[in-house]
Amino acid sequence: MSASTLSSNTQETQIVITIQHGKSMLEFEEHLQSSLNEAGSLASAHQLEYMDTDGSPIKVGGVKMTTKRKKEPKVYETPWGAVKVARHVYQSSCGGEVFCPLDQNARIVVNSTPAFARMVSWKYAQMAAPQVHEDLRQNHGRASSRSTLRDLSDVVASIAQAKEERWTYDIPQLPAPVKTIAIGLDGANLLYYEGYRIAMCGTITLYDNEGERLYTLYCAAAPEYGKQTFIKRFSSEIQKIKTRYPDATYVGVADGAADNWSFLEPLTSVQVLDFYHVSEYVADAAEALYPGKKATGDRQAWLKQKLHDLKHEEGAAEALSRELEQASPGNNRTASLEKLVSARTYFKNHWHQMIYPDARERNLPIGSGVTEAACKTLVKQRMCRSGMRWKDQGASMLLTLRALVCSTGHWDEFWSKVDRYGFPIAHNLPAAH
């Protein structure tokens, strides 16, 4: 061994390490990593031993429990390697499930220390299990099975889900006061084993008085029929934000899907239809009214003028809606008529949400780009790689991790709360008699 314990007590541990210099810098650094891992494993084993009880009887949930005669060894995974520690395991006189105080005191996640669980779950939120496995080997000199990495990450996500209603995460220190808060939601296609399904993403974005984005909170949920899990989760986050910023102007920004607005309208005082989606319908109308190469100039001029008017002229949306109702396609092709009819319907249903001149004057957002980007960031970048197919549990757990990681400050605060409060690890304890 290249590391050995010099002395150890409840206050500190001194470890001496020997490092082979090697024939090259790379070889030396590999030896150094190995030696540091040995030292870290030794220190972790001592720390775990000191966090155990002395074997005295304890009470858990009002139930008296006593330790078994002989300590039971358990292998714990740490950032530096696996360590075996003999620890007290308790049980009531009635039998039933056993309880390990060390696991609770050290905030053990399955069989991993908090730092290793945090390391693995953060990496898994960014990379697939094979890449996490290789990253640990290449960059940490650390071996682990892929199934362990996935299972550990799922448990971390389940803790976050179990605590999401009770734990509130602080907003980082912002450079300016919050004036406007935009709420948006959209779906992203995700390949399941039975075919493509839609995962939901939501964003809560804070803006200053000048309309500059200050902070974005992300929320996501796996595909489900009825979207109830997402609605519950996202609504809870919105209410937490409203409690913190009761005087802000709340703006709903989304595309024209009816479900989006049935959710957003009760929660926001202002509703703005995403300008990019509107521009697509205006472009379709332009193609229907001015088809063919010969009309390219007129088509582009009409499109440019209408988009300008929508942004800057009061009443332009209603006027364009009336214009489209009375217009006829520039040719007799079915495609042109379909595009024109689609644009007519869209404007008829949504022109009242195209309040772009007023929104621009008040520095309110007019686009759902933040939400569109969230669909790519939370779902597409990690979960839509070649060969990936998902099931409900795997998708749900990973999206929980992704939302925590992407919401600035939430990941660190989540682990701070785990360290401070812990989480339930003893279940079905026998009732007191």
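The values are calculated or read from the model by the stated rules, or taken from the named source; none is laboratory data. Quantities reported herein were computed from a predicted structural model and do not represent experimental measurements. Heads up, the Cβs are rebuilt from the backbone with ideal geometry, glycines too, and the neighbour counts pull from every protein chain shown. What goes into the accessible areas is simple: the full protein's heavy atoms, side chains included, and nothing from ligands, DNA or RNA. Shrake-Rupley method; radii C 1.70, N 1.55, O 1.52, S 1.80 Å.
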*Within region 172-180, identify whether any single residue is surrounded by 15 or more Cβ atoms within 10 Å (Cβ to Cβ) and part of a strand (DSSP E or B), and answer yes or no.*
yes
*asked:* So, in region 64-99, how many residues would count as being open to solvent by less than 70 Å² (accessible area, probe 1.4 Å), out of contact with any Asp or Glu (no Cβ under 8 Å at 6 or more places or on another chain) and not in a strand (DSSP E or B)?
replied: 1
*Look through region 329-385, keep the residues that are within 34 Å of the chain's Cα centre (by Cα) and farther than 30 Å from Tyr207 by Cα, and return whichever of them is surrounded by the fewest Cβ atoms within 10 Å (Cβ to Cβ).*
Arg385
_Set Ser34, Ser7: member being surrounded by 15 or more Cβ atoms within 10 Å (Cβ to Cβ) and farther than 17 Å from Thr113 by Cβ_ = Ser34
*Need at least 2 residues that are closer than 24 Å to Lys74 by Cβ and in contact (Cβ under 8 Å) with a residue 24 or more places away in the chain per element, so show me which helices (runs of 4 or more DSSP H) inside region 108-168 make the cut, counting only ones lying wholly within it.*
114-126, 146-163
*Show the residue pairs that are 6+ apart or on different chains and have beta-carbon atoms under 7 Å apart, the first residue being within region 204-218 and in contact (Cβ under 8 Å) with a residue 12 or more places away in the chain, the second being crowded, with 16+ Cβ neighbours inside 10 Å and among the charged types (D, E, K, R).*
Ile204/Glu237; Tyr207/Lys179; Asp208/Lys179; Asn209/Lys179; Leu214/Asp208; Leu217/Glu237
*Kindly indicate whether any position in region 139-156 is over 21 Å from Leu399 (Cα atoms), modelled with pLDDT of 95 or more and out of contact with any helix residue (DSSP H, G or I) (no Cβ under 8 Å at 6 or more places or on another chain).*
yes
*Identify all residues within region 74-101 that are in contact with a helix residue (DSSP H, G or I) (Cβ under 9 Å, 6 or more places away or on another chain) and among the hydroxyl-bearing types (Ser, Thr, Tyr); write none if there are none.*
Tyr76, Thr78, Tyr90
*Given the structure, is Gly55 over 23 Å from Leu152 (Cα atoms), surrounded by fewer than 19 Cβ atoms within 10 Å (Cβ to Cβ), in contact (Cβ under 8 Å) with a residue 24 or more places away in the chain and over 37 Å from the mean Cα position of the chain (by Cα)?*
yes
_Matching option when the condition is closer than 29 Å to Leu149 by Cβ, out of contact with any Gly (no Cβ under 9 Å at 6 or more places or on another chain) and among the charged types (D, E, K, R), among Glu38, Glu12, Glu72, Glu29_ = Glu72
_Matching residues in region 240-258 - criterion: being within 23 Å of Lys339 (Cα to Cα) and open to solvent by 40 Å² or more (accessible area, probe 1.4 Å)_ = Ala257, Ala258
*Here are some conditions: (1) modelled with pLDDT of 95 or more; (2) more than 20 Å from Gly422 (Cα to Cα); (3) aliphatic (A, V, I, L, M). Ala106 meets all but one. Which one does it not meet?*
(2)
_Residues within region 207-255 that are assigned to a helix (DSSP H, G or I) and small (Gly, Ala, Ser), tallied_ = 2
*Neighbours by Cβ (under 8 Å, 6+ apart or cross-chain): first from region 413-433, surrounded by 10 or more Cβ atoms within 10 Å (Cβ to Cβ); second in a loop (DSSP other than H, G, I, E, B) and at pLDDT 95 or above*: Val418/Arg107; Asp419/Arg107; Gly422/Arg107; Phe423/Arg107; Ile425/Ile108
_Selected residue [on the phi < 0 side of the Ramachandran plot, surrounded by 13 or more Cβ atoms within 10 Å (Cβ to Cβ), assigned to a loop (DSSP other than H, G, I, E, B) and acidic (Asp, Glu)] from Glu314, Glu323_ = Glu314
